[in-house]
Amino acid sequence: MARHPSFTSRIFAPSRMLPFLEWLPGYRAGHLKADLFAGLTVALVLVPQSMAYAQLAGLPAYYGLYAAFLPPAAAALFGSSRQLATGPVAVVSLMTAVALQPLAAAGSQAYIGYAVLLALMVGLLQFGLGILRLGLVVNFLSHPVVAGFTNAAAIIIATGQISKLFGVAVDTSDYHYHTMVRVVEAALYYTHWPTLMMGLFAFTVMLVLKKITLRIPNVLVAVAATTLISWATGFEQQVTMPLESVVDADTRALIVHFNAETTQLNQMEDRRTRINETLRQATTAGHRMMVIDSRRDLEILNYQMALKAEKAATYRHRIRRLLFEAGRTRHGDLRFFSADHRQSDTQKVGRIWRLMVGNAPLDASALTFSGGGEVVGTIPKGLPDFSFPEIDGHGAMALMPPAAIIALLGFMEAISIAKAMAAKTGQRIDPNQELMGQGLANMIGSVAQSYPVAGSFSRSAVNLQAGAVSGLSSVIASLTVVTTLFFFTPLLYHLPQSVLAAIIMMAVAGLINVRGFIHAWRAQWFDGVISVITFACTLAFAPHLDRGIIVGVGLSLCVFLYRSMRPHVVDLSMGLDKALHDVVTHGLKECRYIDVVRFDGPLFFANASYLEDQIRHRRSIKKALKHIIISAESITDMDASGQESLSLIVDRVRSAGIDISLSTVHEPVMQVLRRTHLLYKISEDHIYPTLKHAVRAVHEQTHKGGSEKNCPLTSVRSLSTHSEPKGG
């Protein structure tokens with residue numbers, strides 16, 4: 001007797017834990033040449049894109065290079081797809097920013113720590129689902145939900161880059177559309193034209209090269225050209241001056257007030273940390289009064305911090321609207337003043353200056369004034385520090401819901417890309433193996449300071465078009481990133497931020513797909529509605545993107561439950577092709593004495609009573625009915641409730657003087673009938689292998705003494721000799 005492999009042996013099989021062993025033995029020198037070219041080509045796109053996506057995630061740009069270092073190689077070696085390019089992607093980057101925003105200030109050390117922890121959690125979830133072969137959970141994200149969410153996310157990502165494109169800075173609001181209103185107001189008040197022109201130039205270069213040829217890496221050319229222009233023209237213009245260099249006394253007072261508010265806010269943050277620690281200890285020790293006191297203190301402090309943050313935001317907004325002119329005194333000292341406060345003994349320096357301000361207090365001895373555009377700045381040379389992410393229990397609990405969403409969404413994006421490429425290459429894709437590969441990519445990446453990653457459609461397409469044969473192309477792309485970190489980071493200092501914004505906007509433009517809505521509507525109108533509602537809710541709730549997904553998944557489950565509770569129950573008659581069809585859809589007549597009923601779905605607790613109602617309705621409107629044949633070809637399963645309902649139907653139908661039979665019963669359903677002895681109540685001679693056998697067996701007896709000359713179930717001749725179908 002053949003023995004099936006155990007669950008443990010299937011999980012830890014060498015081909016499952018080390019899938020690259022499948023293609024490595026047959027690897028040839030010609031393959032290496034193809035992978036080398038593909039890997040270098042992908043790297044030329046990966047380096048600038050990863051830096052742009054890191055900023056989208058709220059991280060310093062060079063953290064994108066860290067995310068492009070180990071994850072692509074890990075995913076390629078341990079996943080099932082040989083051409084899938086993994087790394088930073090737009091949607092996951094945006095989801096990361098949304099998840100971390102409530103926990104820490106963007107770009108801070110705490111924020112970076114949470115981003116790395118999030119990568120670890122996403123990886124653990126994906127790897128766990130893959131090793132347990134639970135890749136099917138991704139089915140909860142239906143195509144209409146993903147289409148609606150992706151289109152909305154693309155718009156949110158693109159519009160979120162407008163501030164960098166125009167060279168303005170605003171505080172983010174609780175809702176994305178409020179933030180965009182602030183961006184528009186700031187851009188109308190003041191636009192840094194060189195920044196905008198640099199971004200538009202990058203757009204032009206990428207679009208023109210994309211139309212001319214796909215062989216030239218348009219993103220890299222745009223980055224190289226704008227970086228060179230930025231360096232040559234002195235695009236970044238910053239000076240550091242003390243507070244005394246500001247002439248206007250009111251402006252100096254404004255800065256002092258802002259510093260006071262932000263300093264108090266930082267002190268409150270420290271106090272909140274201490275209260276949270278006290279609350280944790282009191283909860284562990286079971287001191288109820290201390291827990292109550294701590295929660296009260298925490299609630300009061302949170303309210304006070306909200307008021308303080310609002311006041312600091314008002315001061316910050318006023319500082320950002322300050323436009324300075326610069327002038328030198330007779331002694332050569334630089335002074336900053338507004339247009340109406342210029343001193344007579346100063347000589348004007350011809351450009352507009354702005355004071356750089358963020359969430360932290362300003363250093364009164366070293367205020368940073370900018371008269372140019374923002375650039376990437378200094379990128380640390382070499383590899384990141386390798387360390388296991390610090391586990392914060394409170395942070396981990398807060399990150400669990402977004403981690404689950406990112407894990408599923410990232411995997412769905414990866415597996416969709418992998419399957420699309422497999423259709424061209426003929427490669428077999430294992431969803432569970434791909435889950436493990438994506439999970440390991442995130443887990444290993446977190447050790448090297450990476451934030452969550454996923455499969456990239458644009459880079460995977462480049463990889464395939466460049467002729468990648470195996471996952472070694474992604475390993476080569478990773479090695480190219482390492483080379484960049486060691487030798488080429490100084491060259492990226494002058495890369496304008498508006499160019500990174502243009503790269504992101506170009507990348508997400510391909511995610512906007514109106515045809516997805518149309519396709520969903522054509523398939524089923526309710527799928528189209530779900531897609532549109534998901535799209536609208538994601539936009540409305542942004543930046544809380546998880547709410548849009550939850551609404552979409554909730555609607556999908558509701559539709560699924562409704563359709564499961566009310567499956568199609570149709571009457572059948574003979575059509576022109578001599579097969580039985582739905583009488584309503586095909587406009588057919590019905591037999592007066594025999595009702596052939598098809599129930600389309602498993603018979604279980606949610607819909608069992610619905611079948612009873614349908615049979616009762618047919619008995620009430622068909623007065624001459626003598627026999628009911630239930631076509632069970634679509635009943636794939638039956639539970640106890642379904643069996644009980646079928647038993648009641650048999651009793652009630654036969655007590656009314658009408659006979660009942662079943663046809664085309666599947667084996668799992670037949671086993672339920674046998675175990676519950678319902679088979680003997682129905683009688684084995686009332687179970688038929690096909691509908692044709694069932695109709696033939698009961699036709700003569702039911703039509704004996706009847707007035708129906710041409711039965712719509714059997715009179716094929718009458719169908720061919722009359723213009724009107726007899727099955728109607």
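Evaluate the following for T314: is it among the hydroxyl-bearing types (S, T, Y), open to solvent by less than 80 Å² (accessible area, probe 1.4 Å) and modelled with pLDDT of 90 or more? Show your work before the answer.
Working: among the hydroxyl-bearing types (S, T, Y): yes; open to solvent by less than 80 Å² (accessible area, probe 1.4 Å): yes; modelled with pLDDT of 90 or more: yes.
Taking the combined requirement at face value, the residue satisfies it.
Quick one: R619 ticks every box in (1) within 22 Å of A697 (Cβ to Cβ); (2) open to solvent by 30 Å² or more (accessible area, probe 1.4 Å); (3) part of a loop (DSSP other than H, G, I, E, B); (4) not hydroxyl-bearing (S, T, Y) except a single one, so which number is it?
(3)
Does the stretch 213-223 include one or more residues that are free of Cβ contacts under 8 Å to residues at least 12 places away in the same chain, charged (D, E, K, R) and assigned to a helix (DSSP H, G or I)? If you could, list the steps in order and put the result at the bottom.
Just the residues of the stretch 213-223 that are free of Cβ contacts under 8 Å to residues at least 12 places away in the same chain, to begin with: 213, 215-216.
This time we only want the ones that are charged (D, E, K, R), so: 215.
This time we only want the ones that are assigned to a helix (DSSP H, G or I), so: none.
No; the residues of the stretch 213-223 include none that is free of Cβ contacts under 8 Å to residues at least 12 places away in the same chain, charged (D, E, K, R) and assigned to a helix (DSSP H, G or I).
Can you give me the number of residues within the stretch 533-572 that are free of Cβ contacts under 8 Å to residues at least 24 places away in the same chain and among the hydroxyl-bearing types (S, T, Y)?
Counting residues in the stretch 533-572 that are free of Cβ contacts under 8 Å to residues at least 24 places away in the same chain and among the hydroxyl-bearing types (S, T, Y) gives 1.
In the stretch 249-278, which residue that is without any contact (Cβ under 8 Å) to a residue 40 or more places away in the chain and of a type in the set (S, T, Y) is surrounded by the fewest Cβ atoms within 10 Å (Cβ to Cβ)?
Out of the qualifying residues, it is T273.
Out of D613, D600, I need the residue that is charged (D, E, K, R), open to solvent by less than 50 Å² (accessible area, probe 1.4 Å) and either in contact with a Gly (Cβ under 8 Å, 6 or more places away or on another chain) or closer than 19 Å to M565 by Cα (or both). Which one?
None of the others qualify; the one that does is D600.
Kindly evaluate S370 against the criterion of being open to solvent by less than 10 Å² (accessible area, probe 1.4 Å), among the hydroxyl-bearing types (S, T, Y) and under 30 Å from H257 (Cα atoms).
yes
Report yes if F149 is surrounded by 24 or more Cβ atoms within 10 Å (Cβ to Cβ) and among the aromatic types (F, W, Y), otherwise no.
Yes.
For G601, which of the numbered conditions (1) among the small types (G, A, S); (2) in a helix (DSSP H, G or I); (3) under 28 Å from D639 (Cα atoms) fails to hold?
All conditions are met except number (2).
Among the residues that make up the stretch 353-361, is at least one of them at pLDDT 90 or above, touching a Leu at 6+ places or on another chain (Cβ under 7 Å) and in a loop (DSSP other than H, G, I, E, B)?
no
Restricting to the stretch 163-179, and then to whatever is farther than 19 Å from V376 by Cβ and buried (at least 18 other Cβ atoms within 10 Å of the Cβ), can you tell me which residue is nearest to the chain's Cα centre (by Cα)?
Step by step, filter the stretch 163-179, then rank; the result is H176.
Residues are listed down the side, and each one gets a yes or a no for (1) at pLDDT 90 or above; (2) part of a helix (DSSP H, G or I):
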{"site": "L125", "(1), (2)": "yes, yes"}
{"site": "R133", "(1), (2)": "no, no"}
{"site": "N139", "(1), (2)": "no, yes"}
{"site": "T150", "(1), (2)": "no, yes"}
{"site": "A153", "(1), (2)": "no, yes"}
{"site": "I157", "(1), (2)": "no, yes"}
{"site": "L165", "(1), (2)": "yes, yes"}
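From A403, A441, grab the single residue that is open to solvent by less than 10 Å² (accessible area, probe 1.4 Å), over 19 Å from G39 (Cβ atoms) and either modelled with pLDDT of 90 or more or not in a helix (DSSP H, G or I) (or both). Break it down into steps so the answer makes sense when it comes.
On the way: A441 fails: over 19 Å from G39 (Cβ atoms).
Result: A403 is the single residue among A403, A441 that is open to solvent by less than 10 Å² (accessible area, probe 1.4 Å), over 19 Å from G39 (Cβ atoms) and either modelled with pLDDT of 90 or more or not in a helix (DSSP H, G or I) (or both).
If I filter the stretch 56-68 for residues that are closer than 13 Å to I476 by Cβ and either touching a Leu at 6+ places or on another chain (Cβ under 9 Å) or buried (at least 24 other Cβ atoms within 10 Å of the Cβ) (or both), do I get at least one hit?
yes
Out of the residues in the stretch 180-224 that are among the polar types (S, T, N, Q) and closer than 27 Å to A38 by Cβ, state the one that is farthest from the chain's Cα centre (by Cα). Quick ask: steps written out before the conclusion?
Going residue by residue through the stretch 180-224, those that are among the polar types (S, T, N, Q) are 191, 195, 204, 213, 218.
Filter again for closer than 27 Å to A38 by Cβ, leaving 213, 218.
Details: T213: 30, N218: 26 Å.
Here the answer is T213.
Restricting attention to the stretch 225-248, which residues are open to solvent by less than 60 Å² (accessible area, probe 1.4 Å) and within 37 Å of the chain's Cα centre (by Cα)?
Of everything in the stretch 225-248, those that are open to solvent by less than 60 Å² (accessible area, probe 1.4 Å) and within 37 Å of the chain's Cα centre (by Cα) turn out to be A225, T226, T227, S230, F235, E236.
Rundown of residues vs (1) touching a strand residue (DSSP E or B) at 6+ places or on another chain (Cβ under 7 Å); (2) farther than 17 Å from V583 by Cβ; (3) of a type in the set (D, E, K, R); (4) at pLDDT below 90, yes/no style:
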position: L691; (1), (2), (3), (4): yes, no, no, no
position: A697; (1), (2), (3), (4): yes, yes, no, no
position: H722; (1), (2), (3), (4): no, no, no, yes
position: G727; (1), (2), (3), (4): yes, no, no, yes
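Among the residues of the stretch 626-663 satisfying the criterion of being part of a loop (DSSP other than H, G, I, E, B) and among the polar types (S, T, N, Q), which is surrounded by the fewest Cβ atoms within 10 Å (Cβ to Cβ)?
Taking the candidates together, the pick is T636.
So how many residues does the stretch 97-109 have that are surrounded by 15 or more Cβ atoms within 10 Å (Cβ to Cβ) and part of a helix (DSSP H, G or I)?
4
Got at least one residue in the stretch 410-418 being at negative phi, hydroxyl-bearing (S, T, Y) and open to solvent by 50 Å² or more (accessible area, probe 1.4 Å)?
Step one: filter the stretch 410-418 for residues at negative phi, giving 410-418.
Keeping just the survivors that are hydroxyl-bearing (S, T, Y) gives 416.
Applying the additional criterion that residues be open to solvent by 50 Å² or more (accessible area, probe 1.4 Å) yields 416.
Yes, because at least one residue in the stretch 410-418 is at negative phi, hydroxyl-bearing (S, T, Y) and open to solvent by 50 Å² or more (accessible area, probe 1.4 Å).
Do we find that D293 is surrounded by 14 or more Cβ atoms within 10 Å (Cβ to Cβ) and either without any contact (Cβ under 8 Å) to a residue 60 or more places away in the chain or out of contact with any Leu (no Cβ under 8 Å at 6 or more places or on another chain) (or both) in this structure?
yes
State whether one or more residues within the stretch 76-94 are among the aliphatic types (A, V, I, L, M) and surrounded by fewer than 20 Cβ atoms within 10 Å (Cβ to Cβ).
no
Quick one: which residue in I512, I550, I518 is among the aliphatic types (A, V, I, L, M), surrounded by fewer than 23 Cβ atoms within 10 Å (Cβ to Cβ) and not in a helix (DSSP H, G or I)?
Being among the aliphatic types (A, V, I, L, M), surrounded by fewer than 23 Cβ atoms within 10 Å (Cβ to Cβ) and not in a helix (DSSP H, G or I) holds for just one of I512, I550, I518, which is I512.
Filtering the stretch 664-704 down to residues that are of a type in the set (K, R) and more than 16 Å from V597 (Cα to Cα), which residue is least open to solvent (accessible area, probe 1.4 Å)?
Applying the filter and picking the extreme gives K681.
Of a type outside the set (D, E) and at pLDDT 90 or above: is that true of L334 in this structure?
Details: of a type outside the set (D, E): yes; at pLDDT 90 or above: no.
Here the answer is no, as L334 does not meet what is asked.
The values are calculated or read from the model by the stated rules, or taken from the named source; none is laboratory data. Predicted model only: the values in this text are computed from it and were never measured. Ideal geometry is used to build each Cβ from the backbone, glycine not excepted, and the neighbour counts take in all protein chains shown. Keep in mind that these areas ignore ligands, DNA and RNA; they rest on the heavy atoms of the full protein, side chains included. Shrake-Rupley method; radii C 1.70, N 1.55, O 1.52, S 1.80 Å.
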